[in-house]
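Peer 1: Got a structure here, written out as structure tokens. Questions coming.
The values are calculated or read from the model by the stated rules, or taken from the named source; none is laboratory data. None of these values were measured; they are calculated from a predicted model. With ideal geometry, Cβ positions are generated from the backbone for all residues, glycine too; neighbour counts draw on all protein chains shown.
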Amino acid sequence: MRPGQRRSAAEALASSLRCLRRDTAAEHRAHNALAAWALQFSPMVTLDPAPALLLEIGSCLAYFGGLERLRQQVDAGLIDLGYTVQQGCAPTPLAALWLAQAGRPEAVALATLPETLGQLSFTGLPLAAEQIASLRRLGLQTLADVQSLPSRGLSRRLGLQLAQLLDRALGRQADPRQPYQPPDQFERQLDLNYPVQASEALLFAGRRLLIELSGFLRGRGLGVQQVTLRLTLQQRPDLESGQSQPLSAPHHATALPENRSHFDLMLAFGRPTREVAEMLGVLKEKLAVNPLPAPALGLTLQARVLHALDAPVSDLFSNGQSAADFALLAARLKARLGDQALTGIQPHPDHRPERAWRTSQQPDNAPQLPATLRPAWLLHTPQPLELRDARPWLGEPLQCQGRAERIESGWWDGAPIARDYYLACGPSGRRYWIYFDRKEQSWYLHGLFD
Amino acid sequence: MHPAVDALLHHPKIWRGDQLACTEHPGLATGHSALDRELPGAGWPVGGLTDLVARQPGSGELRLLLPALAALSQAGRQIVLIAPPHIPYAPAWQAAGVDLTRLSWLRADNERDRLWALEQTLREPSVGAVVGWLAGAPADRLWRRLQLAAETGGGSGFILRGGTASTSSPVGLRLQVEPVAGGLSVQVLKRRGAPLARPVLIPHENRAGDQPLSFRFADAVASPLPASATVTSVPERTLRVAA
């Protein structure tokens, strides 16, 4: 099969042919996405009009440990993203592009550049068809033939363009390029070939998007703390509307939550990050606890707020364990168990024991309260104690130790208490924090000491 | 003895029946010197698990653990409590010296989530200690997984579980803590080394020194105490008031 063939002719040759319409907008998006991703390798990335990316790598070879290493990383990264790549490497952007189009991956030095380029034919070059035809009429087959001709005569016959192109490719003329400017937000869409509901498959697709995000962030020295993964869901065929009744009845819209066509997953990492493995860990837990209501057809990853992420500062004397790593663990725990599942605790200045503490979401310096006799365990609700032989009883007779701590407080906010607190011991040696409610005239257990 | 032989005998892999096992890492000091003397590495295992049997909450498990947790938090290590049975009461934990900014309380309703969270937190190097409460004794396979996670993370894991002291576990250190009059009794059920016949007794600290002002104020006002309460004064405190 050849390009330019009729569809009917192609189908006659291959009966199982599937024809797809070319989506130039999607191609453009993917091209831009790859440019953003490639910024991690070079600060100077150019979108060539062809589906090519030009990376200026001369200035960053030392950082990546040599040309071979860098090219391997680029190759591996692109394969990870699911693309195939043809590389070319030359001292000038145009020569690199031509070599890549000709499928010649080896790096070429400036000295051997005219010779190497000379072996190329005209087909890959950005020339009009009639120019190529007139070159052929002159009996020229390769660039070497063109180079051997006097350039002035060539320009007169074929226009200035070819001579200029050759000069740029050979580095005799400057070839300035417009560098790619990445956007300030990240949004990437991935369409799935078939509806997917299994979390492993979604994780795989999500990983691809996260790799792109990571490359984008690495190129700009940024990180994200929170991203949204929007899953486009398959509209579930409605059973009732099978009788040619569209979803016009108002009760359908309310009664069927699966008609919602989007499913958003918020991934919070607890601190700015750009590591794929870290982000993937959170996504995995989120997918595990939020089963999809319907199969997904596509994924969109959005990162609206980007954070400056400096290289981690390592301390000579610390062993590399920092609070930042803990924040990431906390994000993973919260992703699976819910945001409220992980909190800190801190004391709160109030005399009422049940209000003398509160949970805190952010670790901050708690007020230092005066040290009083307080139990390490506080019961969620005070437990009423029965009386036996005029003594409070909790599986064993309780004996109060010391004197009472009387707490009367809260008359101003509608939760007044009037209690006498005691440390009480039983014969077993267990120590309890009990109180006598002076309004109800009854005993309660409120805490355990040990 | 020849010094070379002596050095050889102190190799971590060599253990003699009459002594405690040498550990690769020194243990995390428990804060109770009587107990430190009986534990291999002179403290709680670091990069390992401790199986702590307490028949019910408030049996002394916090009294046992708090000194070590306080020291860890002040050294900047994180502490995670997984599914504690009651509220860890912030004023008391603060008074015990725990830096509350390093303390996290994780709620997890079912056992699966608890075990998962235990493994995740034990694996994290910035976490110094994980205290997890489990409803039942986990299977041997899960114990080993947790043990591996603790070795990876290098923190100390404390598993408080239901069940009796007789249920075995593949963990190197198993203790049972019980309250006794005036203190705690810690029975070392299993350790790397010669078995310990007698329990270690940890007396309660004398709290007379930090009685709050309100106590003395209450004394002065001489509030009538409820008739149903039987009150015994602590002798030291009576002395102090008299002085």
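Peer 1: Could you tell me whether region B:29-48 includes any residue that is under 13 Å from B:Leu160 (Cβ atoms), acidic (Asp, Glu) and assigned by TED's automatic domain parsing to the domain that holds B:Gly132?
Peer 2: no
Peer 1: Out of the residues in region A:441-450 that are of a type in the set (Phe, Trp, Tyr) and within 24 Å of B:Arg55 (Cα to Cα), which is farthest from the other protein chains (Cβ to nearest Cβ)?
Peer 2: A:Tyr444
Peer 1: Only one of (1) touching a helix residue (DSSP H, G or I) at 6+ places or on another chain (Cβ under 9 Å); (2) surrounded by fewer than 16 Cβ atoms within 10 Å (Cβ to Cβ) fails for A:Ser199. Which number is that?
Peer 2: Evaluating A:Ser199 over (1) touching a helix residue (DSSP H, G or I) at 6+ places or on another chain (Cβ under 9 Å); (2) surrounded by fewer than 16 Cβ atoms within 10 Å (Cβ to Cβ) leaves (2) as the failure.
Peer 1: Under 24 Å from B:Gly193 (Cβ atoms), at pLDDT 90 or above, surrounded by fewer than 23 Cβ atoms within 10 Å (Cβ to Cβ) and in the same structural domain as B:Arg192 (by TED's automatic domain parsing): is that true of B:Ala68 in this structure? I'd like the intermediate steps shown before the answer.
Peer 2: Numbers: under 24 Å from B:Gly193 (Cβ atoms): yes; at pLDDT 90 or above: yes; surrounded by fewer than 23 Cβ atoms within 10 Å (Cβ to Cβ): yes; in the same structural domain as B:Arg192 (by TED's automatic domain parsing): yes.
When the stated conditions are applied, B:Ala68 passes them.
Peer 1: If you don't mind, another one. Among residues belonging to region A:126-154 that are within 48 Å of the chain's Cα centre (by Cα) and outside any helix (DSSP H, G or I), point out the one that is farthest from A:Thr112 (Cα to Cα).
Peer 2: Residue satisfying both the conditions and the ranking: A:Ala128.
Peer 1: Any residue at all in region B:50-59 that's at positive phi and either in contact with a Lys or Arg (Cβ under 8 Å, 6 or more places away or on another chain) or modelled with pLDDT of 90 or more (or both)?
Peer 2: Looking for residues that are at positive phi and either in contact with a Lys or Arg (Cβ under 8 Å, 6 or more places away or on another chain) or modelled with pLDDT of 90 or more (or both), one finds at least one in region B:50-59, hence yes.
Peer 1: State which residue is nearest to the other protein chains (Cβ to nearest Cβ) when the search covers only region A:411-440 and only residues that are surrounded by fewer than 17 Cβ atoms within 10 Å (Cβ to Cβ) and closer than 23 Å to B:Ile202 by Cα.
Peer 2: Here the answer is A:Ser428.
Peer 1: Scanning for something among the aliphatic types (A, V, I, L, M), more than 30 Å from A:Arg332 (Cα to Cα), modelled with pLDDT of 85 or more and under 14 Å from the mean Cα position of the chain (by Cα), does region B:31-38 turn up at least one residue?
Peer 2: For region B:31-38, residues among the aliphatic types (A, V, I, L, M), more than 30 Å from A:Arg332 (Cα to Cα), modelled with pLDDT of 85 or more and under 14 Å from the mean Cα position of the chain (by Cα): present.
Peer 1: Answer yes if at least one residue in region A:69-80 is closer than 26 Å to A:Leu127 by Cα and not hydroxyl-bearing (Ser, Thr, Tyr), and no otherwise.
Peer 2: Taking every residue of region A:69-80 in turn, none turns out to be closer than 26 Å to A:Leu127 by Cα and not hydroxyl-bearing (Ser, Thr, Tyr).
Peer 1: Is there a residue being touching a residue at least 12 places away in the same chain (Cβ under 8 Å), among the polar types (S, T, N, Q), touching a helix residue (DSSP H, G or I) at 6+ places or on another chain (Cβ under 6 Å) and not in a loop (DSSP other than H, G, I, E, B) anywhere in region B:68-79? Before you say what the answer is, go through the steps one by one.
Peer 2: We begin by selecting, within region B:68-79, every residue touching a residue at least 12 places away in the same chain (Cβ under 8 Å); these are B:68-79.
Then keep just the ones that are among the polar types (S, T, N, Q); that gives B:73-74, B:78.
Narrowing further to those that are touching a helix residue (DSSP H, G or I) at 6+ places or on another chain (Cβ under 6 Å): B:73, B:78.
Cutting the leftovers down to not in a loop (DSSP other than H, G, I, E, B) gives us B:73, B:78.
Checking region B:68-79: at least one residue is touching a residue at least 12 places away in the same chain (Cβ under 8 Å), among the polar types (S, T, N, Q), touching a helix residue (DSSP H, G or I) at 6+ places or on another chain (Cβ under 6 Å) and not in a loop (DSSP other than H, G, I, E, B).
Peer 1: Scan (1) surrounded by fewer than 18 Cβ atoms within 10 Å (Cβ to Cβ); (2) at pLDDT below 90 for the single condition A:Thr381 breaks and write down its number.
Peer 2: (2)
Peer 1: Would it be correct to say that A:Ala100 is buried (at least 17 other Cβ atoms within 10 Å of the Cβ), touching a Leu at 6+ places or on another chain (Cβ under 6 Å) and either in contact (Cβ under 8 Å) with a residue 24 or more places away in the chain or under 23 Å from A:Leu166 (Cβ atoms) (or both)?
Peer 2: no
Peer 1: Something else: Test B:Ala70 against the criterion of being within 17 Å of the chain's Cα centre (by Cα), farther than 13 Å from A:Ile345 by Cβ and of a type in the set (Gly, Ala, Ser), and give yes or no.
Peer 2: When the stated conditions are applied, B:Ala70 passes them.
Peer 1: Sticking with this structure for a sec: Take region A:130-171 and flag every residue that is loosely packed, with under 12 Cβ neighbours inside 10 Å and either of a type in the set (Ser, Thr, Tyr) or not assigned by TED's automatic domain parsing to the domain that holds A:Ala38 (or both).
Peer 2: Listed by number, the list holds a single entry, A:Ser148.
Peer 1: Follow-up. Output the strands (runs of 3 or more DSSP E) that fall wholly within region A:339-410 and possess 1 or more residues being within 37 Å of the chain's Cα centre (by Cα) and more than 7 Å from every other protein chain (Cβ to nearest Cβ), or say none.
Peer 2: So the answer is A:357-360.
Peer 1: All but one of (1) within 16 Å of A:Leu94 (Cβ to Cβ); (2) touching a residue at least 12 places away in the same chain (Cβ under 8 Å) hold for A:Ser134, so report the exception by its number.
Peer 2: Every condition holds for A:Ser134 apart from (1).
Peer 1: In addition: Residue by residue through region B:67-107, note down the ones that are small (Gly, Ala, Ser) and more than 9 Å from chain A (Cβ to nearest Cβ).
Peer 2: Of everything in region B:67-107, those that are small (Gly, Ala, Ser) and more than 9 Å from chain A (Cβ to nearest Cβ) turn out to be B:Ala68, B:Ala70, B:Ala71, B:Ser73, B:Ala75, B:Ala83, B:Gly97.
Peer 1: Still on this structure: Just one of B:Gly48, B:Gly43, B:Gly60 is at the interface with chain A (Cβ under 8 Å from one of its Cβ atoms) and either touching a residue at least 60 places away in the same chain (Cβ under 8 Å) or touching a Pro at 6+ places or on another chain (Cβ under 8 Å) (or both); which is it?
Peer 2: Selected residue: B:Gly60, the only one of B:Gly48, B:Gly43, B:Gly60 that is at the interface with chain A (Cβ under 8 Å from one of its Cβ atoms) and either touching a residue at least 60 places away in the same chain (Cβ under 8 Å) or touching a Pro at 6+ places or on another chain (Cβ under 8 Å) (or both).
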